[in-house]
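K.L.:
Here it is, the structure, as structure tokens.
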Amino acid sequence: MELVRLETFNRKGYRILSKHKPLGFLGMISMGKSIFLCIITGRIEVASPTTGQRINRIYDVEFHCLTSGTWDFIELNSNGYPITGEDDNIPGAYSTHLEQNPCYELRKILTDGSFYYSTDFDLTSTLQGRGVETSQRLSLDRFHMDYMWNAFMMKEIIHFRNNLDDEPKQALDENRFLTTVIRGFAQSVRSVIGAKTALLTVISKQSWKRTGTRFNVRGVDDNGNVANFVETETILNDGVHIFAYTQIRGSIPLFWEQDTALVSPKVQITRSFDASQPIFEKHFANLNGKYGTIHIVNLLSKTKSSEVELSRAYREHYKALKEKKPDSVYFTDFDFHQETSKTYADADRVLKSLQSSLENFGYFCYDINNKETIMEQQGVFRTNCLDCLDRTNVVQQVISRAAVAFYLSDFNKGRTQRTSMKEYSSPYASNNSRISVESSPIFSKHSVIWADHGDQISQIYTGTNALKSSFSRKGKMGLAGALSDATKSLSRIYINNFVDKGKQVVIDTLLGKNTDQMPVLIFDPVTEWLSEKMLKVESQYTIYQDISIFVGTFNLSGTTSNKDLSHWLFPQETTVVEPDIYVIGFQEVIELNASSMLKNDGSAGQYWKRRTTETLNDKNGANYVLLRSEYMSSVLLLFYVRDDKLKFVTQVEGKSKKTGLGGMTANKGSVAITFKYGSTSFCIFNSHLASGSTNTEERFNDFLTSWNGIRFSRNRLIRHHDNVIWLGDLNYRVSLSNEEARLIIDHGQMSKLLQYDQLSYELKRHPELQDFTELPIQFPPTYKFDRNSDRYDSSEKQRVPSWTDRILYQGKQISQLCYHYISDIKFSDHRPVYGTFSAKVKIVNSTRKHTLTKHFLQEYKSTAENSSANIIELNVDTDGNSLDSDALSSSSSSIPTLIDLQMPSEEPKNSSKPVVTSANGSLRTRRKVPPPFASGSREPDVLNRDGTRIMPDNIGIPSNQILGRTDSQQPTSSQSSSPAIGAFAVMKPTRSRSGSPATPSLPPRSSTASSFDSSKRLVTKPVPPAPRKISVSSQQSIIRDTIKPLRSMSDQVPQMTLTNSSTLKSTKENHKVPPIVPSKPKRLDIMFSDSETKMTPSDASASIKSEGGAGSNPWAPMTPTRKR
């Protein structure tokens, strides 16, 4: 397969498989022995969260078979059966003798209105995760695969796209044909905030990792994935700021089941506490890494027998987790049925318990004019009831409204003004308190869109709309709403017992979860050959350079005095004089107390940024440019590049992650900067981890939060880089008493003291840390000193001297040259540490690479075009009613077959088109179709109608008339003389009166052909449905007129003889097959099947006579009929 420029592609000879324009590509899937390609053919734009970003709902798809022509050009009715006659106009009717399309059920679920896609951005990520100013590119974006519902079908396509050269890869990206699909809900509505028009959007996406229907899938699996896990994002865009708030819902992460009894179905916990706890912790560790702090909102009843035991087990597992990770997860019980027994409006009571988290989590806010992020959300609420549907939907709506109200009041938008959570009024109350959210029309729109959202999520999981949706929509529950809920409950009982099992099978098929299901693999010989060729000449367009990097870390202890840093930034011990890159990390830029944290205005960070820049450029020599700084309250990271190296540094970006108090405060945390030097990626992150001599678990949890939680644009994590450098005050201590440690230091036995270093032990203990390397430490502990002194801590606490300030790295092309500390800088209770690195970077000359790629690709094409490989030609009319029989062609007059992904247009008038002389002497256009080819297989034979094998040179008429070429185009004696391939006229398949397929029999081969096995019959594939009705006499007349010229030709040809075996062998060795994508010749599998090669001519003749009877015409089809 090859992508070519549209202006160079000749569309003549191709037919349109679909009368609908392809709008997107969902992937490929195997159904039985057939492979189908799925494309989007119908969509509706439903949402636009930001300018230029559109979300489409899928309402129609098509499946096209790649391995058979059975379903080509066939229209299907609403039940997935081919439309063949008058009965197809009756709703629900179908012909029993016709096969249902194997992809009918998949098409049915993909077009149920719950699938969405976007060609503008990554729909699997939140706005905060992907960034506002990013567009979609399928390989660059690192999608959240748990939300990408076509991941199974797209895996090989993405791999093929990644292997393409830069130009076709960019063209495919710009075409936006490859898509990612989510299942859930998306909708935007227009409203007004003050005097400004605003767009309110709700996007929900369900995870497919443990997906299914209501009673078939419950609880958690062994990988920590829970049923009905949905991520919901509320986005508000008023043209000045973009607000986003994320919530999640999911089944209780325990192993439990529920039967399908009609009344009070029982809940059963299927695993013990000890067996469930590790999976429970794994589930929340995954959530912490992605979202930060998690606040559980449990809505289960305290009185219902089916929910009491499950709720109790939930709290017990949470308490065990809380002991290990006290600040990572919080828990709130809210008995929804009891609290809202009088009115559902009382659901807002839950906000009193969530006040602290609502304020600490914050929300995402982006300044459109300045193109910068003002605030990021630091945690999420995880809400659940039993099904995570009706009660969950109401409470999530309350939380979402509260977050929107906070945003409006914080930025003085509309009429709201908030000073504390206590002043927030009920979203549904009609009082006149200081804040009344009803005063803004945005909240009425919010209620409507949230009700639609709840109905859609409920449809996916249960097959009905959500209960209590009348209240969500109108703010009150009347008699009509109660009756509607009763009807939905009865419908759920029926669907759960009679529909869900079949639906579950279809879902598993779509996701590739069936045990006998295999992914579709793509064979791409052209790209593989080109990749190997480019690898051999890599030195012609790629150079490798060694760059030097200086890395320093220093805990300032809140000092801002005018001190000299030159001894640290220009140490005498290093051999690197003028590094290419400087990376400087500071911790405790301000004092870590409540007063300093509240009053922090960033001035301390600006001071040390200015002081460092002046020191680096004071010396006569290289000039350094501050390319990026990342500052978070008390942690600062500076990234400098020497001015003559700036042209090599690209894609610079910074991010930060709070870890203090479970991610709520910035007294601890990490800041990170990513960049590319040439084609090599780097990430450097500066951390200040939890303090305390024994808090090793808290430190590791802080690391994990940063490692998994820092996400750059396109969802890149720290581990996605080629090289990583980790520096900072990691706070790992020495596990010895103060007296023992100081005695060892006095004796200079640093290697002995290192045996008790906590970080050295943690690097071996945790898999996440095992890839990091640290140069052996040969300097004294850097913490804790009395200020302006060489004396270790003499205060009452008498802290144990430890190596808290560290520099580590990982990567195959990076090595550390030196590792030391500076004893002369004493104004802090820490000592600054530095290290120098050497890294090998790859720099690609893109222009030279592109030139070489085009050269090799052209070389491959010309070799293929000049080869003597033959192709079969099926001359099909544009209406598909008849086919030519005399079609022999050499690939020397054609280019490789191509696949056009766009709708064809008219050809230029002056374009040339190959012609062939038909049986009646008229000139017809030829449709080239290459044959199937298997490496190492025998050359196919050319047959007369009587089964004798012929060679082109023995044919009685000039071959140039058959091939439609001039004498100048005839192959010379030096060219390959491999036999051409005969092309039979292929009939339209019909059905016998009994409804069984009528398969055309083959003529016998001559005795010179390969031996056959008479015990095996010809194997045929299912044929397409019956064609349009014509009389038998008309069909026979067409066949006789078509075959007659070939029979007259065969009478003029003498019995052929085989060439010398050695000559034939050398011919095969020199044979090169062109890089083509075979089209699907109808019924050619019979002509070249493995079964046929084992049948003798006499057996073949006998088979024909036995099937057709004496004197019968084996080529005449039977009249198609339909069973009554």
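The values are calculated or read from the model by the stated rules, or taken from the named source; none is laboratory data. Because the structure is a prediction, the values reported are computed rather than measured. FYI the Cβ positions are ideal-geometry reconstructions off the backbone, even for glycines, and counts take in every protein chain you see. Remember, those area values only see protein heavy atoms, side chains included, never the ligands or the DNA or RNA. Shrake-Rupley method; radii C 1.70, N 1.55, O 1.52, S 1.80 Å.
K.L.:
What distance in nm lies between label points placed 7 Å from Cα along the C-beta direction at residue 543 and residue 322?
P.N.:
It is 6.2 nm.
K.L.:
Pulled fully out, how much extra length does the chain show between residue 18 and residue 223, if you take 0.36 nm times their separation in residues and subtract their Cα-Cα distance?
P.N.:
Net length gain for the segment: 69.6 nm.
K.L.:
Related question: Rank 823, 834, 813 by how far each Cα sits towards the positive end of the charge dipole of segment 812-855 (+1 on Lys, Arg Cβ; -1 on Asp, Glu Cβ) and give me just the farthest.
P.N.:
813
K.L.:
Follow-up. Measure off, as a whole percent, the carbon and sulfur share of the 1.4 Å-probe accessible area of segment 592-665, all protein chains present.
P.N.:
Solvent-exposed carbon and sulfur of segment 592-665 make up 47 percent of the total.
K.L.:
Could I ask something else about it? In whole Å, how far is the Cα centre of segment 141-194 from that of segment 658-715?
P.N.:
Distance between centres, Cα-based: 28 Å.
K.L.:
Working out 0.36 nm times the residue gap between residue 737 and residue 133, then minus their Cα-Cα distance, what length gain in nm do you get to one decimal?
P.N.:
Once the chain is fully extended between residue 737 and residue 133, it gains 212.1 nm.
K.L.:
Which length gain, in nm to one decimal place, applies between residue 838 and residue 190 when the Cα-Cα distance is subtracted from 0.36 nm times their residue separation?
P.N.:
227.8 nm
K.L.:
Let me make sure I get this right: for segment 607-723, a, b and c are the square roots of the gyration tensor eigenvalues over alpha carbons, sorted descending. Under 1.5 in a/c it's rounded, otherwise prolate if a/b > b/c, else oblate. Which is it?
P.N.:
Because a/c hits 1.5 or more and a/b fails to exceed b/c, segment 607-723 counts as oblate.
K.L.:
Anything over 19 Å Cα to Cα? Flag those among 169/849; 205/657; 33/513, in the order listed.
P.N.:
205/657, as the Cα separations exceed 19 Å there.
K.L.:
Separate question: Ranked highest first by average number of other Cβ atoms within 10 Å, how do 188-194, 360-366, 448-454 line up?
P.N.:
Those peptides, ordered most packed to least, come out 448-454, 360-366, 188-194.
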